[in-house]
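K.L.:
If you scroll down you'll find the structure; I have some questions about it.
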Amino acid sequence: MDQGRPDVFTAYALKLCDGASPHSGLAPIRLSYESLHVTLWSIIVAANDAETTNKVSALIKPKEHFDFFHDERVRSFLYQFLTACAVGWVVWYLVSNTSHNLEVRGMNTGFGFLTSSAGFDVDFKFIEYIPGQGTYFDIFLIGCLNSLFVSGLAIVGCTILGFFIGILRLSSNWLSSKLALTYIEIIRNTPILVQVIFWYIGVFSFLPTVKNSVDLSFGAEVFLLNNRGLNMASPLPGDLFWLTQVAFVVAVIGVFVLRYWSHKRQDDIGKPFPTLIASSALLAILPGGVYLLTGSPLDWDIPTLQGFNFVGGFSLPPAFLALLFALTIYSAARFAEMVRAGILSVDKGQSDAALAIGMRPSRVMVLVVIPQAMRAIVPPMISLWMDVLKNSSLAIAIGYADVVSLFMQTTLNQAGYAVEIVAMTMAFFMTISLTISALMNYYNKRIQLVER
Amino acid sequence: MAIVTKQPTPPRPAPLSESSVIGWVRINLFNSWMNTGLTLASLYIVYVAVSGLGVWGFSDAVWVAKDRRECFAISVDGACWAGVVSWIDNIFYGRYPRAELWRVNLGGVLLIVWMAPLWLPRVKAKIFIGLSAVFIYPFLAGYLFTGGDKGIFMQTMVTVAMVCVAGNTLHAMIGVISGRSLPEFLIGFLRMKEASEKNQRNMLLGILSLTVIAAYILQMNWSLETVSWTKWGGMFLTLVISGIGIASALPGGIILALGRRSKLTLIRVLSISVIEMFRSLPLITVLFMATTMFPLFMPEGFVLNKLVQVIIAVCLFYACYMAETVRGGLQAIAPGQQEAAHTIGFGYWKTMGLVVMPQALRVMIPNIVGTFIQLLKDTTLVSIIGLYDILGMLRAISQDTPWRGLYREPLLFGAIVFFIVCFIMSKYSRHLEVKLSTGHKTGNE
Amino acid sequence: MNNDRGNPGEKNMTSTKTSETPAHLASAASSEVIIELNKVNKWYGDFHVLKDIDLTVHKGERIVICGPSGSGKSTLIRCINHLEEHQQGDIVVDGITLDKNLKNICHIRTEVGMVFQSFNLFAHLSVMENLTLGPIWVRKMPKIQARDIAMKYLERVKIPEQADKYPGQLSGGQQQRVAIARSLCMNPKIMLFDEPTSALDPEMIKEVLDVMVELADTGMTMIVVTHEMGFAKTVADRVIFMDEGDIVEENEPNAFFNDPQHDRTKLFLSQIL
């Protein structure tokens, strides 16, 4: 029993000498772990007292052959150590190559370029920007805002459209259900890039010229569509417009108060109150009334045709419209499937039970089915929002100035600074993605069905 | 006061208003005012869409013409499919030399022949066939498509591939006919059934070595003309990129998913970072990053051509997506399976490989096929960075002089091609789902 | 013992403990017909699931329906509160004919309570909210009043302490008792039970059956689809045996169990008893 160990000690010591042969490439590694091993054992064996060694050996429960490699702690450490070394080496290799290459090509590094002025202009922007004065950082902001703008509108559109198509898909009307299915299948089995390009080239390039703009506002000439974009009147608030804005805020607060009051009233006397209608009326009438009373202080900058173009008003480029439509329609098809799956996931027995106590089918939907369906719909819906933002980067194929096409392509070609620009673009997407993940986790925690 | 029905009532057919076509129409289409309105609106939409598309796409369309002008001369309102027809070769093969197209076709046929045994009954060792298809076929295909001089390594791999495909086919045929595997058949053929295991093994190894040497000698004299990757294009390029992507996404995804579930902190943190990073970025950004950053990453003088850069980017990206799918599948496996495996003495790798993974993969197959479909569709993004995949070719038609301005027809053709392929794949995945779930009973909770 | 007006479920009663050989509950049936089925036929597609069903139920009567699976028993009681639609024949409940008139259907459903095999408690609401949902939204009751009624019935089914728990936190037997209380909160005249104990673990069946026996003792009209023959012997005024869409045999319990007339009945009883 204990006699075996000094042999092991000697054996390892001998192996140590063998292992130090210069021909074995693994010698340094073997040497180090052998020496570690030997040290460990020497500590144990060095005690002269056989009793102590017995006690110590009983404590650490040695096997007949202490299998170094199969010890879990050793393995865990070894794996992580080796992984860290490998990853570290790869990273060091890439970084050193990159810095060397950058030097050789005379490319600059550092984020200082963000304050220098960009020489080009951007058609579609939300912030004040003058070419020659605006900085590259402004360009970055413009790109981010443009991405968020088209994604935001597409999210709103696809949620509404997708919801209706999902409900249609569930309807008992065979024809409508199959029609919705056809729509969904066609959209989902075609690449989104093909759809984006199709909308741009196949639809929006067939728009009439500026002179023959299509008037979408039925004669009022404030909503004009042509091959340069959608021109619409932009509001010019007058002096007293702030009163209407205040009235709107008051109306919003009023809606919350109304909801609270109507719930309390129902608790007290049992009669439900048509809150939805009343809130809509409040939101429409209060600001509307104030607006009219203050003399309609809203002027409109109406686009007027001067020469070959429209002057005034606000215009959305065709690339934007094409991207918006493509994103909305594509994501609506995916959302429709989520809605359908979510509503089907609610057990039929739930609606049976609700109907059995005499509830109207509409109430059953609102009070029993939809709250439970939301659990299944909201998490994939939130990741769909992220996908809309990611798909908005296809703007690069049709020339809309989102962050990828404006910053990662145009600016990179103009200014260089590849690493920094790539890093900033990555940071934009990753920040939004992390925010959305946090949102989803928060939602999941809140609506967890309480179980044993 | 018993009330007893002596004779059981015979079942009667449902009244006409219930069964039959009239009944079905009444229930499904017209059973309420709203439904009636919906039906009428839907019928109108269908009529407009079908008649409009039908007239434009079929009855008024021009199928053969020299150029766009001629199309207009023949039919002003119809679709000018003639442009697509005249570019068909480009659309499917890119600019691959027409004389060498047989190589592309041979590569495709070889893949089908190689993979076919996976669907045949009574063929054993399907895992080996599948793995060989993933790891060995690419070398053969790579050489077929690229050509040029073969170094020692390439010669070896081509030899191995040739032996593999021949062996697989023989094995499949023997399996289907007699239910035995190739080694069993050979042993029987050589009447060595009674010989010891060692002798049998040696004999098989001998046959294998002879075959390998013969194949090596055979292919030494074969050489193919070099076709640069820049000539690859169209559907061929799309399939190459997505094929390599699919082949590496699943193993890569499994590794990342296992890493994410690992108890070792460093590995877990690394896996999560990589997965979350790639999943939060759009693919086009990753492709851009690859084409701008890879030249910087490589040591001086070492140039990765654009196709390789794109393939690496696509593989990394989709490995992360696949990792999430695999993770979902692993989570669906009850922890009791792992516990049971541990009690019979399986360590981590044995548990994963023999118990957990097979079950998880079966559950995940619909999602895996879904990711593959997504990958196939996303390969179209490489057209943005200048690789002429099928979408790139279709868009190039409108730049060609005789067909200048022809946008819609090529795009629609591309949409139809993708739709057919993706639709078939998703139907197959649903079929798989049904087939696997009927054989797989989940335990009651 | 039975009241013609007001709902039987509210009466105070002495609890009837089910012992090994329970005494049969005194019948509470009156002569007033409360449910009438006349030549009711139903098809699922081409499958004829209910064939010329004739059934008359008097107020206060307690009926047990039994039979092999697929015989149409669940379909029959689901037709009574129009969860399933019948194609031919008449169903008259409490004087109102069941047809496509949504108002009539909803009104009938408030008077007919139903307890399901899989409980079907609203998973996203607490027990109290489950119970008060109907009174508040259908009977338009103030919340406080609804809560009082809910607590009263929770005490009836002997689980008042679970009022604020969620269904997922309760055992099967507790969930089913909450489901019974939920139906009772609507003050129904008729209670339908669709295999209420089939999904329960054996040790929980008794607690639910006890509640049902107690309910029967108050004079509630009950139609129960079940395999629990002990319950039938104790409580039922009539036992109905259904097979393949027909009502094959109908008798009072003693005669039914001791002297079945039809061969099919004999076969069924030999399999389950």
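K.L.:
Checking the condition out of contact with any His (no Cβ under 8 Å at 6 or more places or on another chain) and surrounded by fewer than 16 Cβ atoms within 10 Å (Cβ to Cβ), which residue from B:Gly147, B:Gly108, B:Gly94 passes?
P.N.:
Details: B:Gly147 fails: surrounded by fewer than 16 Cβ atoms within 10 Å (Cβ to Cβ); B:Gly94 fails: surrounded by fewer than 16 Cβ atoms within 10 Å (Cβ to Cβ).
Testing whether each residue is out of contact with any His (no Cβ under 8 Å at 6 or more places or on another chain) and surrounded by fewer than 16 Cβ atoms within 10 Å (Cβ to Cβ) leaves just B:Gly108.
K.L.:
It is to be established whether one or more residues within region B:306-320 are hydrophobic (A, V, I, L, M, F, W, C) and at pLDDT below 90. Talk me through it step by step, then tell me what you get.
P.N.:
Restricting attention to region B:306-320, the residues satisfying the condition of being hydrophobic (A, V, I, L, M, F, W, C) are B:307-308, B:310-317, B:319-320.
If we keep only those that are at pLDDT below 90 as well, we get none.
No, that holds for no residue.
K.L.:
When B:Phe153 is evaluated against the numbered criteria (1) out of contact with any Leu (no Cβ under 8 Å at 6 or more places or on another chain); (2) crowded, with 16+ Cβ neighbours inside 10 Å, which criterion, by number, is the only one it fails?
P.N.:
Against the list (1) out of contact with any Leu (no Cβ under 8 Å at 6 or more places or on another chain); (2) crowded, with 16+ Cβ neighbours inside 10 Å, B:Phe153 comes up short only on (2).
K.L.:
A further question on this structure: Can we say A:Leu449 is assigned to a loop (DSSP other than H, G, I, E, B) and surrounded by fewer than 19 Cβ atoms within 10 Å (Cβ to Cβ)?
P.N.:
Numbers: assigned to a loop (DSSP other than H, G, I, E, B): yes; surrounded by fewer than 19 Cβ atoms within 10 Å (Cβ to Cβ): yes.
So A:Leu449 passes the test.
K.L.:
If I go through region B:131-144 residue by residue, how many of them are open to solvent by 20 Å² or more (accessible area, probe 1.4 Å) and part of a helix (DSSP H, G or I)? Can you show your working first?
P.N.:
Within region B:131-144, the subset open to solvent by 20 Å² or more (accessible area, probe 1.4 Å) is B:131, B:134-139, B:142.
Then drop every residue that is not part of a helix (DSSP H, G or I), which leaves B:131, B:134-135, B:137-139, B:142.
Here the count works out to 7.
K.L.:
If you take the residues in region B:383-434 that are within 12 Å of chain A (Cβ to nearest Cβ), in a loop (DSSP other than H, G, I, E, B) and among the hydrophobic types (A, V, I, L, M, F, W, C), which one is farthest from A:Val203 (Cα to Cα)?
P.N.:
Only one residue fits best here, namely B:Ile385.
K.L.:
For region C:76-113, what are the residues that are under 23 Å from B:Ile27 (Cα atoms) and of a type in the set (Lys, Arg)?
P.N.:
C:Arg78, C:Lys100, C:Lys103, listed by residue number.
K.L.:
What residue, of B:Gly386, B:Gly353, B:Gly347, B:Gly336, is in contact (Cβ under 8 Å) with a residue 12 or more places away in the chain and in the same structural domain as B:Val274 (by TED's automatic domain parsing)?
P.N.:
Values: B:Gly353 fails: in contact (Cβ under 8 Å) with a residue 12 or more places away in the chain; B:Gly347 fails: in contact (Cβ under 8 Å) with a residue 12 or more places away in the chain; B:Gly336 fails: in contact (Cβ under 8 Å) with a residue 12 or more places away in the chain.
Criteria check complete, one pass: B:Gly386.
K.L.:
Turning to a different aspect of this structure: Of all the strands (runs of 3 or more DSSP E) wholly in region C:21-121, which have at least 2 residues that are of a type in the set (Lys, Arg) and at pLDDT below 95? It would help to see each step written out before you state the result.
P.N.:
On the way: elements: C:33-44, C:47-58, C:62-66, C:88-93, C:112-115.
So the answer is C:33-44.
K.L.:
Can you confirm whether region B:175-191 contains a residue that is closer than 30 Å to B:Pro97 by Cβ and either in a helix (DSSP H, G or I) or in the same structural domain as B:Ile217 (by TED's automatic domain parsing) (or both)?
P.N.:
So far as region B:175-191 goes, no, none of its residues is closer than 30 Å to B:Pro97 by Cβ and either in a helix (DSSP H, G or I) or in the same structural domain as B:Ile217 (by TED's automatic domain parsing) (or both).
K.L.:
Need the failing condition index for A:Thr190 against (1) β-branched (Val, Ile, Thr); (2) assigned to a helix (DSSP H, G or I); (3) without any contact (Cβ under 8 Å) to a residue 12 or more places away in the chain, just the number.
P.N.:
(2) is the only condition that A:Thr190 fails.
K.L.:
Please enumerate the residues belonging to region B:28-50 that are of a type outside the set (Gly, Ala, Ser) and more than 8 Å from every other protein chain (Cβ to nearest Cβ). Can you show your working first?
P.N.:
In the first step, residues of region B:28-50 are kept if they are of a type outside the set (Gly, Ala, Ser); the result is B:28-31, B:33-36, B:38-40, B:43-48, B:50.
Those that are of a type outside the set (Gly, Ala, Ser) and more than 8 Å from every other protein chain (Cβ to nearest Cβ): B:Phe30, B:Trp33, B:Met34, B:Thr36, B:Leu40, B:Tyr44, B:Tyr47, B:Val48, B:Val50.
K.L.:
Enumerate the pairs (first residue in region A:72-90 and in a helix (DSSP H, G or I); second residue anywhere and open to solvent by less than 60 Å² (accessible area, probe 1.4 Å) and not aliphatic (A, V, I, L, M)) with beta-carbon separation below 8 Å, excluding pairs fewer than 6 apart on the same chain, so at least 6 apart or on different chains.
P.N.:
Hits for this filter: A:Val74/A:Phe68.
K.L.:
On the basis of being open to solvent by 10 Å² or more (accessible area, probe 1.4 Å), free of Cβ contacts under 8 Å to residues at least 12 places away in the same chain, under 19 Å from the mean Cα position of the chain (by Cα) and farther than 25 Å from A:Gln448 by Cα, does C:His107 make the cut? It would help to see each step written out before you state the result.
P.N.:
Numbers: open to solvent by 10 Å² or more (accessible area, probe 1.4 Å): yes; free of Cβ contacts under 8 Å to residues at least 12 places away in the same chain: yes; under 19 Å from the mean Cα position of the chain (by Cα): yes; farther than 25 Å from A:Gln448 by Cα: yes.
When the stated conditions are applied, C:His107 passes them.
K.L.:
Moving on to the next point. Would you point out which residue out of B:Gln359, B:Gln374, B:Gln399 is assigned by TED's automatic domain parsing to the domain that holds B:Met235, under 21 Å from B:Arg261 (Cβ atoms) and surrounded by fewer than 21 Cβ atoms within 10 Å (Cβ to Cβ)?
P.N.:
Numbers: B:Gln374 fails: under 21 Å from B:Arg261 (Cβ atoms); B:Gln399 fails: under 21 Å from B:Arg261 (Cβ atoms).
Step by step, each of B:Gln359, B:Gln374, B:Gln399 is checked, and only B:Gln359 is assigned by TED's automatic domain parsing to the domain that holds B:Met235, under 21 Å from B:Arg261 (Cβ atoms) and surrounded by fewer than 21 Cβ atoms within 10 Å (Cβ to Cβ).
K.L.:
When the residues of region A:121-161 are narrowed to those that are outside any helix (DSSP H, G or I) and among the polar types (S, T, N, Q), which ends up nearest to the chain's Cα centre (by Cα)? Spell out the reasoning first.
P.N.:
Within region A:121-161, the subset outside any helix (DSSP H, G or I) is A:121-135.
Okay, now just the ones that are also among the polar types (S, T, N, Q), so A:133, A:135.
Working: A:Gln133: 32, A:Thr135: 27 Å.
Result: A:Thr135.
K.L.:
If we keep just the residues of region A:391-428 that are within 11 Å of another protein chain (Cβ to nearest Cβ) and among the aromatic types (Phe, Trp, Tyr), which is farthest from the chain's Cα centre (by Cα)? Before you say what the answer is, go through the steps one by one.
P.N.:
At the first step, the residues of region A:391-428 found to be within 11 Å of another protein chain (Cβ to nearest Cβ) are A:391-398, A:402-405, A:407-409, A:412-413, A:416-419, A:421-423, A:425-428.
If we keep only those that are among the aromatic types (Phe, Trp, Tyr) too, we end up with A:407, A:417, A:428.
Working: A:Phe407: 19, A:Tyr417: 26, A:Phe428: 10 Å.
The qualifying residue farthest from the chain's Cα centre (by Cα) is A:Tyr417.
K.L.:
Can you name the residue in region B:289-316 that is in contact with a Phe, Trp or Tyr (Cβ under 8 Å, 6 or more places away or on another chain) and not aliphatic (A, V, I, L, M) and is also farthest from the other protein chains (Cβ to nearest Cβ) among such residues?
P.N.:
Just the residues of region B:289-316 that are in contact with a Phe, Trp or Tyr (Cβ under 8 Å, 6 or more places away or on another chain), to begin with: B:304-305, B:307, B:309, B:312, B:316.
Subsequent filtering for residues that are not aliphatic (A, V, I, L, M) retains B:305, B:309.
Numbers: B:Asn305: 17, B:Gln309: 14 Å.
The selected residue is B:Asn305.
K.L.:
While we're looking at this one, here's another question. Could you tell me whether A:Phe241 is under 30 Å from C:Ile136 (Cα atoms), modelled with pLDDT under 90, over 34 Å from the mean Cα position of the chain (by Cα) and of a type in the set (Phe, Trp, Tyr)? Reasoning before the result, please.
P.N.:
Details: under 30 Å from C:Ile136 (Cα atoms): no; modelled with pLDDT under 90: yes; over 34 Å from the mean Cα position of the chain (by Cα): yes; of a type in the set (Phe, Trp, Tyr): yes.
For A:Phe241, the condition - under 30 Å from C:Ile136 (Cα atoms), modelled with pLDDT under 90, over 34 Å from the mean Cα position of the chain (by Cα) and of a type in the set (Phe, Trp, Tyr) - is not met.
K.L.:
So which residues in region C:230-247 are open to solvent by less than 10 Å² (accessible area, probe 1.4 Å) and in a loop (DSSP other than H, G, I, E, B)?
P.N.:
C:Ala236, C:Gly245
K.L.:
Examine region B:75-90 for a residue that is open to solvent by 70 Å² or more (accessible area, probe 1.4 Å) and more than 30 Å from B:Ile241 (Cα to Cα), and state whether such a residue exists.
P.N.:
Looking through region B:75-90, at least one residue is open to solvent by 70 Å² or more (accessible area, probe 1.4 Å) and more than 30 Å from B:Ile241 (Cα to Cα).
K.L.:
Please work out which one of (1) open to solvent by less than 100 Å² (accessible area, probe 1.4 Å); (2) within 14 Å of chain C (Cβ to nearest Cβ); (3) out of contact with any helix residue (DSSP H, G or I) (no Cβ under 8 Å at 6 or more places or on another chain) is the condition B:Pro13 fails and give its number.
P.N.:
(1)
K.L.:
A further question on this structure: Pull out all pairs, ordered by first then second residue, where Cβ-Cβ is under 7 Å, the residues are six or more apart or on different chains, the first lies in region B:203-220 and is in the same structural domain as B:Ala166 (by TED's automatic domain parsing) and touching a residue at least 24 places away in the same chain (Cβ under 8 Å), and the second is assigned to a helix (DSSP H, G or I) and of a type outside the set (A, V, I, L, M).
P.N.:
That search, which allows pairs on different chains as well, returns B:Val212/B:Thr159; B:Ala215/B:Thr159; B:Tyr216/B:Gln155; B:Tyr216/B:Thr159; B:Gln219/B:Gln155; B:Gln219/B:Thr159; B:Met220/B:Gln155.
K.L.:
Next up: Just one of the numbered conditions (1) in contact (Cβ under 8 Å) with a residue 24 or more places away in the chain; (2) more than 9 Å from chain B (Cβ to nearest Cβ); (3) among the hydrophobic types (A, V, I, L, M, F, W, C); (4) under 23 Å from A:Leu114 (Cα atoms) is not true of A:Val388; which one?
P.N.:
(4)
The values are calculated or read from the model by the stated rules, or taken from the named source; none is laboratory data. Treat the numbers as computed from the prediction; the structure is a model and nothing was measured. Backbone-built Cβ (ideal geometry, glycine too); neighbour counts: all protein chains shown. These area figures cover heavy atoms from the full protein model, side chains too; ligands, DNA and RNA do not enter into them. Shrake-Rupley method; radii C 1.70, N 1.55, O 1.52, S 1.80 Å.
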